[in-house]
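Have a look at the structure below before the remarks.
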Amino acid sequence: MFDESCSTKYLIIGGGVSGLAFANFINSDDYLILEKESELGGYCRTIYQDGYIWDYAGHFFHFATDEMKNFFNSRISPNDLIYKTKSTKIFYNNLVIDFPFQANIHQLDKEEFIDCLYDLYFRKKNESENSLQSFLEMLYEKFGISITEKFLKPYNEKLYACDLNQLDKDAMGRFFPYADLEQVIRSFKNDYNGSYNASFMYPKDGAKVFVDALASDIDRKKICMKESVIEIDSEEKYVLTNLGRKISYEFLINSSPLNVFLELLGKQKYKDIAKKLSWNKVLVFNLGFSKKSKYKDIHWAYIPDKTINFYRVGFYDNILDEDRLSMYVEIGLPPEMSFDIDKELALTLQNIQKLGITDESHDLISYSVILMDPAYVHVDSNLDAIKAELKDEFKELQIFSIGRYGDWKYCSIEDSMIDALNIANKLNNEE
């Protein structure tokens, strides 16, 4: 049945940042990477088209650990990077205010400002944070009715494309910009600095530069492009691929989406767990125009307005200091929802004009369409015990599932690489 078979000690599913990082950090040459696409990088790929540089979505880098900083500093010249102090805004009711909303309510019109401040001060408080049941309950408890309903609820509903009661109260972890009453009032005179990423760096040639750095020390013969796993036998320790190969392994490192991976394992109990996982997809339009927007200093902006089809836009030209508007637009969708690309693009262009980002003098020169599915995983603490049990079972089977999608969690690109580093170090130490 199979025209070719082989074996490897470490079989890595996925040639994104998690899989590539593991291959870098494992102290062995006996590994094999299977990547279903024709290009490495996963969602960190870059598109070069008609003079524009676009990523698959907005990726901006904030390396916090010495391990990652040193790794990339040894492979990427500082001359190839741009460093920026973050400038993020919110398009709200014909205003452009600073992000985050809750720390900048003083920039609203007087009546809305009073509503937000009053509701923040007199918000209903729970006796214990442990009593909070959902992300939406957390928003009301911490920020009151007005801040929640003017921005936090509609924006996150657009982002996650679901009822926020379905999300865990800690769905965004450290990435959520919390601000208590004192911090909000202090921000009236001093800029809010509670964000986890007040500055960032970005490669002049796009996120692919970081992917190339990760791939630079990997033997290309150990990377199998356009090859995907179609079945896994976790007891006999082999996979079957779309190319008709049977590949045996000692350790299986998975960085593909956990819901897909569980289905590949075949057992009904794993399929049942996969059905409990939820997520949303994101439709991304990368757009290149004939000239710049009037907004020349915004890096990305948030749009809570439900009449606008997208939740966020980003300005590559303002990051790369280019002379033509180059942007990405992100639209959150439920996983089962179908859509018409042409209609969605036309609506997007209409809404960009409605927000004043472009006008009739802006000609669309080039565009690309990307669908990220899954895009945002929906964190549910009710699944923590199941995930912990699953990890214990995987460990016995010498399977490790890592990264944002492999571990099904909300995390940064750096976090995904640290996952890979930690597993590699653990396996290295056991040798």
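Taking 16 Å as the straight-line reach from the Cα of Lys281, the lysines in range (excluding those fewer than 8 positions away in the same chain) are Lys158, Lys409.
Computed about its Cα centre, the charge dipole of the chain is approximately 580 debye, with only Lys, Arg, Asp and Glu carrying charge at their Cβ.
Only one residue of Leu390, Ile82, Tyr410 has its Cα farthest out toward the positive end of the dipole of the chain, where Lys and Arg carry +1 and Asp and Glu -1 on Cβ, and that residue is Ile82. The fraction of accessible area contributed by carbon and sulfur in region 248-396 is 49 percent, rounded to a whole number (1.4 Å probe; ligands and nucleic acids excluded). Dipole magnitude for region 102-188: computed about the Cα centre from +1 point charges on Lys and Arg Cβ and -1 point charges on Asp and Glu Cβ, it is near 160 debye.
Ellipticity at 222 nm from helices only: DSSP H runs of n ≥ 4 in the chain, each -39500 (n - 2.57), divided by the residue count, give -9000 deg cm²/dmol. In region 5-99, the portion of solvent-accessible area held by carbon and sulfur atoms comes to 41 percent [1.4 Å probe, whole percent, DNA, RNA and ligands not counted].
A dipole drawn for region 44-163 from +1 and -1 charges on Cβ atoms has a positive end, and of Cys116, Leu159, Asn70 the residue lying farthest that way is Asn70.
For the peptides 150-159, 239-248, the ranking by mean Cβ contacts within 10 Å, running from highest to lowest, is 150-159, 239-248. Within the full protein context, the accessible area of Arg324 is estimated at about 70 Å² for a probe radius of 1.4 Å. Relative contact order, whole percent, for region 259-398 stands at 33, derived from Cα pairs under 8 Å and 6 or more residues apart. For the chain, relative contact order (Cα pairs under 8 Å, six or more residues apart, normalised by length) works out to 25 percent.
What residue among Tyr52, Val96, Ile308 has its Cα farthest toward the positive end of the dipole of the chain, where the charges are +1 on Lys, Arg and -1 on Asp, Glu, each on the Cβ? Selected residue: Val96. With contacts taken as Cα pairs under 8 Å at a separation of at least 6 residues, region 102-188 carries a relative contact order of 37 percent.
Report, in listed order, any pair from Lys110/Lys306; Lys150/Lys391; Lys124/Lys271; Lys69/Lys275 with a Cα-Cα distance greater than 32 Å. Beyond 32 Å between Cα atoms: Lys150/Lys391; Lys124/Lys271; Lys69/Lys275.
The values are calculated or read from the model by the stated rules, or taken from the named source; none is laboratory data. It should be emphasised that the depicted structure is a prediction, and the values quoted were computed from it without experimental measurement. Virtual Cβ from ideal backbone geometry, glycine too; neighbours counted across all protein chains shown. Note: accessible area is taken over every heavy atom of the protein model, side chains too, but ligands, DNA and RNA are not part of it. Shrake-Rupley method; radii C 1.70, N 1.55, O 1.52, S 1.80 Å.
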